[in-house]
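First up is the structure itself, then whatever we jot down about it.
What follows is calculated from the coordinates using simple rules that are stated; it is not laboratory data. Just so it is clear, the model here is predicted, and its values are computed rather than measured. In this analysis, Cβ positions are derived from the backbone assuming ideal geometry, glycine residues included, and neighbour counts consider all displayed protein chains.
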Amino acid sequence: MANLTDLTVTVIGAGNMGGAVARAIRKAGVGADRLVLLNSSATSTQVAAQEIGATSAFERFGSDDTLAAAVAESDVIVLGFKPYHLDDMAPAIAPHVRKDTLIVSLLAGASLATLGDAFDGHTALVRAMPNTPIAVGRGVVGLMPGDHASEAERALAHALFAQSATVVDIPEHQVHGVIGAAGSASAYFFLIVEAMIDEAVAQGFTRAVATDLVVGTMLGSATLLHETGETPTSARYAVTSPGGATAQAIAALEEGGIRALMARGMRAAAQASRKMEER
């Protein structure tokens, strides 16, 4: 695998997710002068480049044929724009992609087959499904290499994310499950935290104190599972005394159908992902 410090990586569409991935790539070891960002305008590109510690494609290549010049010089291209822009963007990108350039797609709903067609049969393709905690170095990424991606290209895709996320290789047919279990899951977590903070405020805490209590507990609980390898069930049993306050709380949540609600939400996310890919 090539040394990351020697590669030029261009992120086309450094918005919320593309920008988070750009930060991960910087953390992986790609230098500011070799991480090139390209948004729809020179202004937004410059702002993103300054925030992330990268280079604006408009500054590097000027305003004429910026996209073509950036693509032609790239060892890795990350597609971070909105999926519905693929039909417009691919024809502008494809003619300038080198045969040895790795394309990493963040586009939900765009299958490897769709990407292969869009980029004139280009074979060095990897789909990546990250979630937003990658922005703080604690994300999860599902990687789906194309059938013709080499071992070196697969290893390179891993290396781009490995410093900021747990990287999991998955077959493409499981992408919808990944979106339900990880891609959208931080939003479920935020909703639960929000509800707990609201109830703590209702019980008399200030919102600042309630936030510290809930967020601190959630962070500690996730860290405990991650670092000890303990199962969620055994960890829960360890703090649930028979007839105690925790047991009463768990009983109320179970009675309210918390498991069924979580399953319903995850299935809804997976189904929405399937529908996107069918369009």
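Restricting to the chain, what percent of DSSP beta bridges are antiparallel, rounded to 5?
Beta bridges within the chain, antiparallel portion: roughly 20 percent.
For Cα extents along the principal axes in Å, pick the label among [x] 64, 47, 36; [y] 63, 50, 30; [z] 69, 37, 33 that corresponds to the value derived from the coordinates.
For Cα extents along the principal axes in Å, the calculated option is [z].
Per 10 Å bin from zero, what fraction in whole % of the C-alpha pairs of region 156-234 is there, up to the bin with the longest pair?
Spelled out bin by bin, region 156-234 gives 15, 31, 34, 15, 4, 0 percent.
Taking neighbour Cβ counts within 10 Å as the exposure measure, how do 9, 126, 209 sort from fewest upward?
209, 126, 9
Using only the alpha-carbon atoms, how far is helix 185-202 inclined from the longest principal axis of the chain? Give it as 0 to 90 degrees, nearest 10.
40
Between helix 207-228 and the chain, what is the angle of the helix's C-alpha long axis to the longest principal axis, kept within 0 to 90° and rounded to the nearest 10?
80
What does the helix-only formula give at 222 nm for the chain: each DSSP H stretch with n ≥ 4 adding -39500 (n - 2.57), the total divided by the residues, and the result rounded to the nearest 500 deg cm²/dmol?
-16000 deg cm²/dmol
How far, in degrees from 0 to 90, does helix 245-255 lean away from the longest principal axis of the Cα atoms of the chain, to the nearest 10?
The helix 245-255 is inclined about 70 degrees to the chain.
Once you list every other residue whose beta carbon is under 15 Å from the beta carbon of residue 51, what net charge do they have if Lys and Arg are +1 and Asp and Glu are -1?
Once all neighbours under 15 Å are counted, the net charge is +2.
Using the alpha-carbon centroid of each, what span in Å lies between region 208-279 and region 1-42?
Between the Cα centres of region 208-279 and region 1-42 lies a distance of 34 Å.
By how many nm would the segment from residue 239 to residue 198 grow when fully extended, if each residue of separation counts as 0.36 nm and the alpha-carbon distance is taken off?
Gain on stretching residue 239 to residue 198: 12.4 nm.
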